[in-house]
Structure formats: structure tokens, C-alpha cells
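*Asks:* Could you have a look at this structure, given as C-alpha cells, before my questions?
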4 protein chains.
Amino acid sequence: MVDIGKFVNDIENFLRERVYPREPVWLAKPFVEIEHELFSLRREVKARGWWAPYLPIASGGSGLALLDYARVSEVLGTTPYGHYVFHCQAPDVGNIEVLLSHGTDEQRATFLEPLVKGLTRSCFAMTEPEHAGSNPTWLSTEAVREGDSYVLNGHKWFTTGADGAAFAIVMAVTDPAAAPHLRASQILVPTDAEGFERVRNLPVMGAPEAGWPSHSEVRLTNCRVPLGNRIGDEGAGFRIAQERLGPGRIHHCMRWVGIMQRAIELTAKRAHYRETAPGEKLADKQAIVHLLADSQADYLSSRLLVLDAATQIDKSGMHAAREAISLIKFVVAQALGRVLDRAIQVHGALGMLDETPLAYWYRHERAARIYDGADEVHKNVVGKAVLRSAVGRP
Amino acid sequence: MVDIGKFVNDIENFLRERVYPREPVWLAKPFVEIEHELFSLRREVKARGWWAPYLPIASGGSGLALLDYARVSEVLGTTPYGHYVFHCQAPDVGNIEVLLSHGTDEQRATFLEPLVKGLTRSCFAMTEPEHAGSNPTWLSTEAVREGDSYVLNGHKWFTTGADGAAFAIVMAVTDPAAAPHLRASQILVPTDAEGFERVRNLPVMGAPEAGWPSHSEVRLTNCRVPLGNRIGDEGAGFRIAQERLGPGRIHHCMRWVGIMQRAIELTAKRAHYRETAPGEKLADKQAIVHLLADSQADYLSSRLLVLDAATQIDKSGMHAAREAISLIKFVVAQALGRVLDRAIQVHGALGMLDETPLAYWYRHERAARIYDGADEVHKNVVGKAVLRSAVGRP
Amino acid sequence: MVDIGKFVNDIENFLRERVYPREPVWLAKPFVEIEHELFSLRREVKARGWWAPYLPIASGGSGLALLDYARVSEVLGTTPYGHYVFHCQAPDVGNIEVLLSHGTDEQRATFLEPLVKGLTRSCFAMTEPEHAGSNPTWLSTEAVREGDSYVLNGHKWFTTGADGAAFAIVMAVTDPAAAPHLRASQILVPTDAEGFERVRNLPVMGAPEAGWPSHSEVRLTNCRVPLGNRIGDEGAGFRIAQERLGPGRIHHCMRWVGIMQRAIELTAKRAHYRETAPGEKLADKQAIVHLLADSQADYLSSRLLVLDAATQIDKSGMHAAREAISLIKFVVAQALGRVLDRAIQVHGALGMLDETPLAYWYRHERAARIYDGADEVHKNVVGKAVLRSAVGRP
Amino acid sequence: MVDIGKFVNDIENFLRERVYPREPVWLAKPFVEIEHELFSLRREVKARGWWAPYLPIASGGSGLALLDYARVSEVLGTTPYGHYVFHCQAPDVGNIEVLLSHGTDEQRATFLEPLVKGLTRSCFAMTEPEHAGSNPTWLSTEAVREGDSYVLNGHKWFTTGADGAAFAIVMAVTDPAAAPHLRASQILVPTDAEGFERVRNLPVMGAPEAGWPSHSEVRLTNCRVPLGNRIGDEGAGFRIAQERLGPGRIHHCMRWVGIMQRAIELTAKRAHYRETAPGEKLADKQAIVHLLADSQADYLSSRLLVLDAATQIDKSGMHAAREAISLIKFVVAQALGRVLDRAIQVHGALGMLDETPLAYWYRHERAARIYDGADEVHKNVVGKAVLRSAVGRP
């Protein structure tokens, strides 16, 4: 069994030596120009046996429990490149988990195996520009059976990593007449299939990225795939998506916890060396000291809440933990926003530049309060649960 | 060994049946008029073996670890009368702990034994009107040796429970020339000693209370007590006070967590039965649902932070945990303020009345952000610790 | 015409000399014990020609426009006794305005004249414990015509100043079948009428007060008054109430602005003289400096918003300004809460005591976010107005 | 004299018709690719007599008072292109004002005239990477007299618009031995002078821009300019900079007020058309209604504060208004951040894209809380002023 403390420590040392020092260079370049350097690090990670540690040992991972993987996700989150280098990047992790749990032998051989090895990338096409992502059962993309095929038509966006992906898992309505939660299925669509069009990479808080960190608009026009490309039962799309969301939110939240930790470290260092007058350091200003205390409180409370939710999932399963998961989703995303905002304030003009990871996170992690359920959606879940729990109390 | 889950559950049931229903009556009366009812409940608590569970079994308690007692303090905190009924009320708990650890046999026989049994009450006279409580080493009260006596002169306020107490533990300077942390000693002063004057009970957010919940101004004028009334070594006053502050802050913070829990329950119930128009409940308003979600987040994160700090104390001792203690002190006190404010808002006009515990807590727990170190003091501690931890990081 | 700048300045000097120094004494006593001192000041105010300056000159006032009276209300608000001493206290001001605008000659002779002179006091009975005050059209109190009388039955609370009042203006349903806004009428009920029962003075954030600052629970049981006691038309109760609410909210908001101004002054002074160590003043701490800056921003922005709303009312009337009035109601009440909270924090233990006006305001002005429409109600008004204004924009 | 209401209205109509519809296209492109379209609009603006309205009529402007120009800056601020199209863009406005007030005839002929006409652009090189911008007197760039020349050496960054500028006004130390505020002078340096090197355009929250909206790192190496290029007296650099900062802050703050106004309009529209389920609009959700109320309060209070500060400057001059200016600088910048954050939240995924101006503003206006004095600096000014005003109060 893995000594998780040592594992996390080893990863941290690796990141501090090999990744942190390269950040200023990498942040200044498009992803495709630094990919070769990252590939080389990925090979090294694989050689050390650290590859994709969430995977079962049989699949080449370390078989970590959710609680343990949470701590790995935290340390990987301290740099924008951590998850990618350790093959823990979204959306591939989620797709791998879905295929591990629900894939047929053929699907596994074709789609899963090269993905697990890092030979391919994948994407997950769910959100549609015409409908609010906060209502995941409201989709217009359809997959209509014709003979032994599904014919897909629809419009997606924010399909992360579509640029360069070998395949997409597409959420499409297979039975419009069914109850909302039973309408859709998850269908594997190779990105080179006829009718699968990557319209453009979206300009997300800046110029569009290419490759893994890109988010694409995708159009499906009479795109035909075999019925065998459906994952799980027809109509199970939403249920399978829910399964991945729980652990996925733990991963995200712990990544944000890692970001907070690093942002605080960067802020504290900045406060030590930055002077506002000769010999007068930011670290001597009470406003800065108190700001760090607030960020530390945000970081530590977020961390305990996420680890507690992971423990609940490990012990009692996703369903029992769903309110805990909703709670961390909005609480940690908001804490992250505050911590990054404070970190940038202390960095001053430097904080506005893509020379530390702070500006990168500030721009891109604003989405944390929107995707996977906006804050408002999760507050509804938690508030209503509190209301229910009070019914019948004497 | 105590089954802490069952113990907490039993206490909760007892409070729900015997205490909560009496609150509207008790809150409307001065403490001295309800004392006989509380005495009767205290006898019952003793009979059930629940008395002062933080005490060692040998002293009549349940010998709970700090982490376990924290959970007891939480459930007792759900009503303003919980700690008193279970003989867990400040400042007696702290005085008992100090005498258990540092009292001489004679001090124990004279002062501790009747206090443990609940036959007497006590107080702790530290804060002075002339000096900021945020700097506990800055005191003017002096105890000068004359023969086999100390002669005390000084001025104290916010001496909780002095009205009706058998004795005070007075923090007084015994060596003005020593280093700040070695100047003061803790000295036992019977309240009927000549020169010990309870000037008045203070009007704390309303008319002055009498008895246990009162806070007094006290003047010591040539007040003479035997040298044997000193607790511990001369000059050890501050060190002994620090010892009691760590666990004391866990007790306070878990009491506040209990208050938050109850405030949320009261709020949720109110939202269920209060209509803004026929058939239109507060519980149907999204503003109320979201407000409850925010309070739940404040409550759960506070709870995890305090339990984590208690675990650190149990495992590594007070010194190692001092930053965790400073962090919970300001974080939980602020969360408490927010939760109570929201609860009152949902209760509307009723929230302004001393008919639920909310108004009582709103008024009296405003002090939570002031006593035992104001928020600003603890933020200094935490922020500086964060700064230190960043030094030397590559 | 009044030179408003000089008028405000004269009042400020009067308050600084004659009222501020008495506050510590007065705050420590029930209102009825200090009333004689206040009466003597009221006589002096009358002698100087400063009495009730909102009144038309013909009625013995100074005939101030709303914008000018707003500035008077601000300076009076700097002490809890200002409005009372200048005969500008709620609810008498509102009742006077209603009777001036809508009273019959007989009503004016009987009820208004002694009230204007300060020989009597009055109250306004609208809020009912059974219904949310946020929906003012939902009332259960009924006034049924029987011959030349109304027979009133109902239950009210938070009837401010009922204790000692000569009469109440009671909001009662006269036509249950009418549209909600046309159901109620305002009816004058002498407090010595048979069937008018002052059940109790409410414990509002502390022990119940007596006299003017009290808030009572009132029960009307077959209470009979002449039809001629109705103010205005039958069914006009709500409309008349709305009329008084607009200027009433300007008065309240400017009173809160005055409170903020005084709280900031008290805080700044405290920061100057309070030391945390010998020679180290609170004023030297950046946390305190920044806190004062935040409070100053709250104060100045509140002030400008209220004066702007008053200008809109003076220029375009109540209806045109109703969104501005809703906006200041929640914005200024929330700013007030923040400023008082900060002031208490800087005062430390002293801030918890009824020795400065801060604790008094902290307790009693919590209601500012509840009465006359809770924050949530006014946010609904403002947010929906913003939504309407965007419709049809290109 | 200009009818300011009509003027602002005409500009608004022009922007709504000619600029708003082009934003989605322009935001997706680098500035240099849309410059020709903007040039064409600038010609039209000039033809209509709207060019640079802050300029005296003699210089081709409309001779607006600061209060009137504030309202123009507000409406121009509703689109990222407004100020540029009307030749009101920073840093050219500031440079023009400095040269108008302090330029010699020769400086005006060479540098000012083509700039006023829009034939050239300019930049202002003050901030240095090695020193905190919050202390503007701490500079390392030096200008040493050699014969009839200054020889400049130094390192600057965040020199806005340097890319494409004809000249820079460089803040350089001319007398290192003088008192801090008398050390530096402002010196005109043509960008094609030998030794003036534009090292790079900085990656400010995204890929580096080119042209006017770029921010450059600049290095001066033995860069020689005639003594006659100094603006005003030697050592007057800081004083002249201060003069431009006051009105400059009014301009900035009103631009931010305009941004808030537009962000609220975009949010309200979005709430009208975006559905979370068929027929269920965001506008129907109380959370969205309340969010709009909060943003409206931020917008209106900011607007009144800035107009009040502008009035103070117009009436009593810069010095008397300096605390009002510090107050609006941090209050309005923070309000702007909140309003933009809420706007993005309501826009959901779309808010993350550079398809509305929101993401652009979110990224770039984060700097509002940093440049021209960080929030913390201005809070120091305001808080200390409050402390001073309390001294000597009875």
C-alpha cells in the first residue's frame, strides 16, 4: 500500500525542482510550444511509477482511495501543469473513470487503453450554448437510431481539450419522450468522424488556446457512429455523468485547495522581498499580515471541508454525500476567488502579468464558480437540505 | 470509557426535552429568578452522572479528552443554559483546571472541592479598564509582599460571575521589574476579604445582570491574603493563564459552533412556518434558501476547524497548536456573528425580542470577537506564522 | 428663510454642549427616570425657536423642505436623544404629518394640537405578530361599522411609544372584500378607550423599556370609536401609510447617517487615546486606519444617496422616487450595521457597555434592516426596477 | 456653452449605434487589426465637433468643466472603445494636459500639436519594476546633465501605449540629493531617440497586446535629449504628476462608473433572455434580482461619490479635495470589481468569453485596484484624515 504522506512529499519535491522554476517560461507561451517539455516530464513521471495514481493498480495506477487521491490532487494543483504532468488532467480522468466502470471490452480496447497510457487525449461534450449548463438535463443534441448506428446532430461548446483529442464522449438525447433524467445517453464519437466539426477554440478570458487547455465549440451534423459506441444503457447518460461528478468535484476542489496553498506561499514570499520604501517591507504592514491570515483561514477551512466530503464518499457513497459535495463546490470556489484576488493585490503590477501563475489562475479559475453547477445551483441544494432537516424537529 | 456519540446524543435529548421549552420563560427573567429551576436541573444532571464531564473520573467527571469534550461543549452550546446546567460554565471550568493542575492541597481543600461540587462559584479577575485586554502582560494591579501576606491594590472589570462568587483568582503583578511575561502571579482572593470590593455589575449590552452571568467592576484596596494563596510559582501567572487559554478557546469555539447549529435550526423552522402572504412561505424564497446555505457553510467549516485544532492539542500539545487556536478564535467568532445576524434577519421583528435565544446571543456574543484576544490580535499571530513559514522556501 | 447651514451648526453645538456629556448617565437609566431632564431641554429648544422644524411655519415649525430637514435629522441622529429633544421623534412625526394632511378640523383640535405642542405623545399600530411586516396589506385587525361607530378587534405589536401615548392610529381592515391595497383604514383610537389594552412592553434586545422608547404588544377587543375617528376615506389607510413612508424613510436614513458620523468620531477618538502597550496607540495600527477608511466610505456614500433621494422627492414626488427610496433603505441600514460593528470592535470591552451610545445603537438599530420593509423586500423592488429598465434597450 | 445633458445623450446614441454592435468582432481581434475601423470613427467624431471635449475651445475641444467631463467619461466608459474613439484615451489625455499647462512653445509645437490632432500617440514612463508603484517618489531612473543635454538611464514598465507612441514623458531623477518630492523631473523623450528601447510588450492578464492598449517594458541606456525637453522646472516632476493625478482619477473613476452601468445593463438583459428551464428565466430568480440590486447600489453610490469629488475639485481645488479623491479611488475600484464579478456570474459560461466586454474588463480592470495608488495606500490617506479630524473634538 502507498504511504500517502511520503508520496505527496515526493511529488511536492519533484514539482518544486522541475516544474515551478519553468513556470515563468511556460506561462508566456502557447501550450503547443511547451508540450514537448511536458511530454518529457510525463515520461519521467511514468518511469518513477507515479503515473495516474487514481487508477487501479491493475490499470497501471496506484489504486488510491478518494481521500488519498484528494491529497495528490492538492499538491498537483499547486502549479497549472501538475495534473497534466501526472496524467491526472480533466477531462481525461473523468472519461477514463467512465470507461473503466461502464465501457465494453471493445470500447476499452479502442478508446480506453491508449488514453490510459497517455498516447491519446479525449474530451467530454455536454454543455450547449443554447441552454444553461446549470440544468444538465436540458439538451438539444440528439442521437437518433438508424439501423446499427446513431446519427448525432447538435451544438456544444466549452468542450475542453477537443483540439487534439482522439475522441469525444458526447451527451445526446436518445429518447426525447422519457423523463428528463432518462433522456440522454453518453456516446463515443471519434473526432475524425464525418460530421464532427470543431468550429473554433473559444477565447476564454484572453486569446484562444490550442491543444489540451483549449475549450472548443463543436458542431455535430449527421454524425454517424455504431450503436456499440454508446456507454452503458440507453438513457443512462445522466446517471453516469452524476457518478463522475462527485469524485470529479473532489478532484477540482482539492486542485483549488492546492492553488490556494501556492498562492499564499507566493504572497508571503512577495511580502518578504517587496519594499515600499528602502527597508520597509510589505511583510511589515498590518494590512498584509491580516490579509494573509484571512487567506490562510480560507485555505484551511476549504481543505478540511473537502477532505471531510471525500471521507463521506469513501464511507457512505456518493448519494449520502451529495449535500457535502454541493457545499464544497460553492464554498471552495468562492474561497479560491478571494485568495487569488488577495494574492494579486499583494503582487501589485506583477500580479497582473502572466509571469506568476496568479494571473493565469485569476482568469481561468473564475470559471470555478460557474462550471459543474454554478454557485447558485449548489446553494439551492444545500439550503433546501437544511430546510428539510428541520422538518419535524420538536 | 465513554461512548461519546451516545453521550452527546443523550445530552441533546435532555436539552430538547427539559431546557429548550423553558427558554422563552427564562430569557424574559433575570438569572437570579430562574436559578432555583436551574439548580434542580443541575441536581438531575449530577444524578445521571453527567456532571462536569471534563473532570477526571477521580474528581467526579467523565475524564473526556479535549476532542470529546469539544463535542459536549458543542451540544451544550445550543442553549444559553447548557453549560451552566452541566457545570461546564466559564469561568469556573478554567479555575477548576488551574487548581487541579497547580493548586496546593490546602488550596484544593478550601477552594476547589466546593467549586467542583457546585456548592460555590468563582471568578477570574484579569482585565483592567485602564489597559487593553489584547495585551495581557500589561497590568497595573499589584500584589506586594508584606510579611506572610500579599497586599493587593488594583482595578478590574469584566470579572465574570463575581457577583455571588466565593473567591476570585486575581492576576496581579508581583515583580514589576521582571520581563513582561514573568511579572504577574495568580492569587486566590476570597470575595469577603477586606478590601475586595465589587463596585458594580456592568451594563453589558443592556441592563446589568446579577449572579453568574454578570460581569463586574472590582476594586482591590489594600486587600490582604496569605502568601499561600498564590497559585504556582511567583511570576508564573501568565504561563498558567496561557495553559488555560488553549483548551478554553476550544470550549468557547465549540460553544459557538453549537450556537450556530441551533440558530440554523431555528432559522429553518421559522422559514417553514412564517408566511409573507397566505400560502407563501419564507422557505420558498431563494434569498432565504441561499442564506441558509451560507450559514451551513459557516457552521460546518467552523466545526471542522475547531475539531482539527482540538486534535492537534491532544496529539502535539498546546504550543504546537497555538496558531491553529488563534485561527479558530477569529474565524469562528466571525462566523458566529454572521450566522446570528442572518438568523435574526429571517426572524424579522421576532428576532429582535428576547423570546428566542437569538437576540440574547446577538447581544452577548458580540464580545466573542473581543475577549480572549480580539480578532486583530489573532490575525496578527496567524499572518505572521504564514510569513515565517514562507522564509527559506525555494 | 432658514439658513440651513447655520441651523445645523447651531444644533450641533447645542448637542455637543448639552446632550453628549449627559449620555453616559442617561444611557444607564430607564427612560422614565431621565424624562424630566429631557423635558427641560425640550422647553429650551422650543424657546430658541428650534421646535419641530419639519412643521410648517404656521404650525410652529421652520417649514423646512425635505432636503433641508434631512440635514437636521442627520445632526439629531448623532445622539440617541436628539430627535426627542427637538420633538422630531418617531412615531409622532409621522402621525403629525398624517393629521396635518388628512385630519378633519375636529381631529386636529382633539389629537393634533396637543401633540404638536408636545403635551401628548402618540403611537402607530400597524404590525401584527401573526403576519409578516414585509407584507403591509396582510392584516387581521378589523374595524366593523356598527351605527356611528367602528368596533375594532385585533392584535398588534411593536407599537412604538404606546406606553404613555394619548392615542394610537390603528391600521384596521374596513373592507375585507376589497383589493388588498384598499382594505384598510387608519383610525384614531384613544388609549383610554375601552377595549384598547396595552398587553406588555416588549423585551427588545434587552429588558423592556417604558415610555417613549418602548415597543408594546396591544390588543383591541370590541374597542368602539366614532366613525369620525377615521382619517381620510375608508380604504385609504394603505395609501396614506405609503405617503408617510417615503419622507419617513428619508428621516430614518438620515438619522442613521448621523449615527454613522458619530460612531466614526467616537472610534477615531478611541483610537487616539487607547494604547495597546505604553506609547503604542490604536491609531498607529494599519488595521484601525483602514477600518476607519471603510467606515468613512460607508458614511459618505450613504449620505450622498439619501440626499439624492430627498432631492428626487422634492423635485419629482414620492412616486418617481420610490426606487431611490427602496435603495437607500437597505443600503444605508446595512452600512449602519457595518459602521457600528467596526466602532464596537475598536472600543473593545468598552464597546460592549451601555456607557457609549454604540452598544445602544448596536442593539436597537439592528431593527433598521427589518422594519419599514426588510432588506430583502427593498432589494426586490430595486432589482426588478433594474430588470424593467433593461427591457427594450437595443 | 455646451448643453451637457444633450451632449452626453448624443454620445450615448452614437455609441449604441456605431460601437456596441461592433464589440463582439473587435474584442476577438488584436487592436492593430481593428485600428482602421476606429480611425474612421475618430474622423467622424471630429467632424461632429465631439473631439477631445476636455480640451479648451481654443485647442479644439469643448472646454468642459471637470464635473461635465466626468459625465462624458462615464458614457464613454460604457464600451472599451469609447475613450479612444473620442480621443479621450489615457495616457494621451494626461500628457496633453501637462503640456498645455507646462509646455514651452517649442514643446507644444513639436509634441503637443500632433498629439492633440490625433496624428501621434504618446506614453508616460513612470513605474519601475524594481520599486513599488505605491511610492512614486522612489525611482532609480536618472537624468544626468551633460552640457546642453540630459543623459537618461533607467528601467520602466507598464508604460501604456509605448508601442507606436511618438514620444514618452519620462519621470527621471535629476537631483538625487534633494528631498524625495523634489528629486525628479518630467522629460520628453522621442521613442526613436538612441538608447530608448521598448524591450517588450507585457503579457497583462493574457497575451501581450500591440499598439495603444499595450503596456511595455522600456529601457533607457545613455539616452540623450536636449535640456529643453524638460517639462517645467527641474525637480518639479512629482508636483506636475500630482496635478494630473487628481483629474485623472476623476476620469478613471467615471470610466469605471460607466463600465458598471453597462455591466448592469448587460446583466439585466441576460437575465431576461436566459432560461434555466423552458419558460423559467434567470430574471425570475430572487438571487439574480437581489444581485442586481446590490450592483445598482454599487453603481449609484460610486457615481454620486465621484461627482461630489469632481464638484469639490471644481470649487475648492485639488488640494482641498485630495481625501475625497483617495476615497473614490479605492471605493469605486472595489465596487467595479464586485459589479463585474456579478455580471460574469449571471452570464455563466458566456461571461468567460471575450464575446462581451465583461471578460475583457474583468481581466484588465483588476488593475484598477493597483495603479494610481493601490487600495491600501488610499485607505491610509482616508483613515488618517479621519483620525486627524477627530483631534480636538470635545
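The values are calculated or read from the model by the stated rules, or taken from the named source; none is laboratory data. Note that this is a predicted model, so its numbers are computed, not measured. Ideal geometry is used to build each Cβ from the backbone, glycine not excepted, and the neighbour counts take in all protein chains shown.
*Asks:* Can you tell me which residues in segment D:259-279 are crowded, with 23+ Cβ neighbours inside 10 Å and not hydrophobic (A, V, I, L, M, F, W, C)?
*Replies:* Residues satisfying the conditions are D:262, D:267.
*Asks:* Which one of these does residue D:122 not meet: (1) surrounded by 16 or more Cβ atoms within 10 Å (Cβ to Cβ); (2) over 17 Å from the mean Cα position of the chain (by Cα)?
*Replies:* Going through the list (1) surrounded by 16 or more Cβ atoms within 10 Å (Cβ to Cβ); (2) over 17 Å from the mean Cα position of the chain (by Cα), residue D:122 breaks only (2).
*Asks:* Okay, moving on. So if I check each of A:291, A:245, A:220, which one is within 13 Å of another protein chain (Cβ to nearest Cβ) and outside any loop (DSSP other than H, G, I, E, B)?
*Replies:* Sole residue among the options that is within 13 Å of another protein chain (Cβ to nearest Cβ) and outside any loop (DSSP other than H, G, I, E, B): A:291.
*Asks:* Would you check if residue A:392 is within 14 Å of chain B (Cβ to nearest Cβ), modelled with pLDDT under 95 and more than 16 Å from the chain's Cα centre (by Cα)?
*Replies:* In short, yes.
*Asks:* Scanning segment B:144-165 for residues that are more than 14 Å from every other protein chain (Cβ to nearest Cβ) and without any contact (Cβ under 8 Å) to a residue 60 or more places away in the chain, which turns out surrounded by the fewest Cβ atoms within 10 Å (Cβ to Cβ)?
*Replies:* Among those residues, the one meeting the criterion is B:147.
*Asks:* Of all strands (runs of 3 or more DSSP E) completely enclosed by segment A:129-181, which ones contain at least 1 residues that are within 22 Å of the chain's Cα centre (by Cα)?
*Replies:* Once the strands (runs of 3 or more DSSP E) in segment A:129-181 are filtered for at least 1 residues that are within 22 Å of the chain's Cα centre (by Cα), what remains is A:149-160, A:167-173.
*Asks:* For residue A:77, which of the numbered conditions (1) in contact with a Leu (Cβ under 9 Å, 6 or more places away or on another chain); (2) buried (at least 21 other Cβ atoms within 10 Å of the Cβ) fails to hold?
*Replies:* Looking at each condition in turn, residue A:77 falls short on (1).
*Asks:* For residue D:35, are the conditions met, namely being within 14 Å of another protein chain (Cβ to nearest Cβ) and either at pLDDT 95 or above or part of a helix (DSSP H, G or I) (or both)?
*Replies:* No: the conditions fail for residue D:35.
*Asks:* Same structure again: For residue D:286, indicate whether it is within 18 Å of residue D:98 (Cβ to Cβ) and surrounded by fewer than 20 Cβ atoms within 10 Å (Cβ to Cβ).
*Replies:* It is false that residue D:286 is within 18 Å of residue D:98 (Cβ to Cβ) and surrounded by fewer than 20 Cβ atoms within 10 Å (Cβ to Cβ).
*Asks:* How many residues are in a helix (DSSP H, G or I), within 12 Å of the chain's Cα centre (by Cα) and not hydrophobic (A, V, I, L, M, F, W, C) if we restrict to segment D:83-110?
*Replies:* Summing the residues that are in a helix (DSSP H, G or I), within 12 Å of the chain's Cα centre (by Cα) and not hydrophobic (A, V, I, L, M, F, W, C) in segment D:83-110 gives 5.
*Asks:* Would you mind finding the one in A:109, A:172 that is surrounded by fewer than 19 Cβ atoms within 10 Å (Cβ to Cβ) and at pLDDT 95 or above?
*Replies:* A:109
*Asks:* Okay, moving on. Does segment D:75-82 contain any residue that is of a type outside the set (Gly, Ala, Ser) and within 14 Å of another protein chain (Cβ to nearest Cβ)?
*Replies:* Within segment D:75-82, one or more residues are of a type outside the set (Gly, Ala, Ser) and within 14 Å of another protein chain (Cβ to nearest Cβ).
*Asks:* Can you spot a residue in segment C:195-214 that is modelled with pLDDT of 95 or more and within 28 Å of residue C:179 (Cα to Cα)?
*Replies:* Yes, segment C:195-214 contains at least one residue that is modelled with pLDDT of 95 or more and within 28 Å of residue C:179 (Cα to Cα).
*Asks:* Can I ask one more? Condition (residue is free of Cβ contacts under 8 Å to residues at least 40 places away in the same chain and within 14 Å of chain B (Cβ to nearest Cβ)) applied to segment C:98-110: is it met by at least one residue?
*Replies:* No; the residues of segment C:98-110 include none that is free of Cβ contacts under 8 Å to residues at least 40 places away in the same chain and within 14 Å of chain B (Cβ to nearest Cβ).
*Asks:* Could you list, in sequence order, all residues of segment C:205-229 that are touching a Lys or Arg at 6+ places or on another chain (Cβ under 8 Å) and of a type outside the set (D, E, K, R)?
*Replies:* Those that are touching a Lys or Arg at 6+ places or on another chain (Cβ under 8 Å) and of a type outside the set (D, E, K, R): C:205, C:206, C:208, C:212, C:216, C:218, C:220, C:227.
*Asks:* Here is a follow-up. Those residues that are out of contact with any helix residue (DSSP H, G or I) (no Cβ under 6 Å at 6 or more places or on another chain) and either outside any helix (DSSP H, G or I) or within 15 Å of residue D:248 (Cα to Cα) (or both), I need them from segment D:309-335; list them, please.
*Replies:* Selection gives D:317, D:319, D:322.
*Asks:* Can you name the number of the only condition in (1) of a type in the set (S, T, N, Q); (2) closer than 23 Å to residue D:365 by Cα; (3) surrounded by fewer than 21 Cβ atoms within 10 Å (Cβ to Cβ) that residue D:296 fails?
*Replies:* (3)
*Asks:* Looking at segment A:358-381, I want the residues that are within 13 Å of chain B (Cβ to nearest Cβ) and have a partner that is at pLDDT below 95 and assigned to a helix (DSSP H, G or I) with Cβ atoms under 9 Å, at least 6 apart or on another chain. Which pairs are those?
*Replies:* A:373/A:245; A:373/A:249; A:381/A:322
*Asks:* Let me ask another. So how many residues does segment B:2-28 have that are in contact (Cβ under 8 Å) with a residue 40 or more places away in the chain and either more than 15 Å from residue B:45 (Cβ to Cβ) or of a type in the set (A, V, I, L, M) (or both)?
*Replies:* So the answer is 12.
*Asks:* Given the condition under 25 Å from residue B:184 (Cα atoms), crowded, with 22+ Cβ neighbours inside 10 Å and under 22 Å from the mean Cα position of the chain (by Cα), answer yes or no: does some residue in segment B:217-230 qualify?
*Replies:* The answer is yes; a qualifying residue exists.
*Asks:* Mind checking which residues of segment A:341-366 are touching a Gly at 6+ places or on another chain (Cβ under 9 Å), assigned to a helix (DSSP H, G or I) and either among the small types (Gly, Ala, Ser) or closer than 15 Å to residue D:367 by Cβ (or both)?
*Replies:* A:341, A:343, A:344, A:345, A:348, A:349, A:358, A:359, A:362, A:363 - these are the residues of segment A:341-366 that are touching a Gly at 6+ places or on another chain (Cβ under 9 Å), assigned to a helix (DSSP H, G or I) and either among the small types (Gly, Ala, Ser) or closer than 15 Å to residue D:367 by Cβ (or both).
*Asks:* Check off (1) more than 9 Å from every other protein chain (Cβ to nearest Cβ); (2) in contact (Cβ under 8 Å) with a residue 60 or more places away in the chain; (3) of a type outside the set (D, E, K, R); (4) more than 19 Å from residue B:362 (Cα to Cα) for residue B:282 and give me the number that stays unchecked.
*Replies:* Answer for residue B:282: the failing condition is (1).
*Asks:* Something else: What single numbered condition from (1) closer than 27 Å to residue D:268 by Cα; (2) modelled with pLDDT under 95; (3) more than 10 Å from chain D (Cβ to nearest Cβ) fails to hold for residue C:354?
*Replies:* The number of the failed condition is (1).
*Asks:* Just checking, does segment D:221-228 include any residue being modelled with pLDDT of 95 or more and either among the basic types (Lys, Arg) or in contact with a helix residue (DSSP H, G or I) (Cβ under 6 Å, 6 or more places away or on another chain) (or both)?
*Replies:* Within segment D:221-228 (the criterion being modelled with pLDDT of 95 or more and either among the basic types (Lys, Arg) or in contact with a helix residue (DSSP H, G or I) (Cβ under 6 Å, 6 or more places away or on another chain) (or both)), the answer is yes, since at least one residue qualifies.
*Asks:* Condition first: touching a residue at least 12 places away in the same chain (Cβ under 8 Å), more than 14 Å from chain C (Cβ to nearest Cβ) and more than 19 Å from residue B:129 (Cβ to Cβ). Now tell me which residues in segment B:166-184 satisfy that.
*Replies:* If the condition is that a residue be touching a residue at least 12 places away in the same chain (Cβ under 8 Å), more than 14 Å from chain C (Cβ to nearest Cβ) and more than 19 Å from residue B:129 (Cβ to Cβ), then B:166, B:167, B:174, B:175, B:178, B:182 are the ones that fit.
*Asks:* If residue D:113 passes every condition in (1) outside any strand (DSSP E or B); (2) within 21 Å of residue D:245 (Cβ to Cβ); (3) charged (D, E, K, R) but one, which one does it miss?
*Replies:* All conditions are met except number (2).
*Asks:* Of the residues D:259, D:264, D:250, only one is touching a residue at least 12 places away in the same chain (Cβ under 8 Å) and more than 19 Å from residue D:83 (Cα to Cα); which?
*Replies:* Every option except D:264 fails the conditions.
*Asks:* Hey, could you check segment C:294-318 for residues that are under 22 Å from residue C:239 (Cβ atoms) and of a type in the set (A, V, I, L, M, F, W, C) and say which is nearest to the other protein chains (Cβ to nearest Cβ)?
*Replies:* C:309
*Asks:* For segment B:337-389, name all the residues that are within 22 Å of the chain's Cα centre (by Cα) and among the charged types (D, E, K, R).
*Replies:* Within segment B:337-389, B:338, B:341, B:354, B:363, B:365, B:366, B:369, B:372, B:375, B:376, B:379 meet the criteria.
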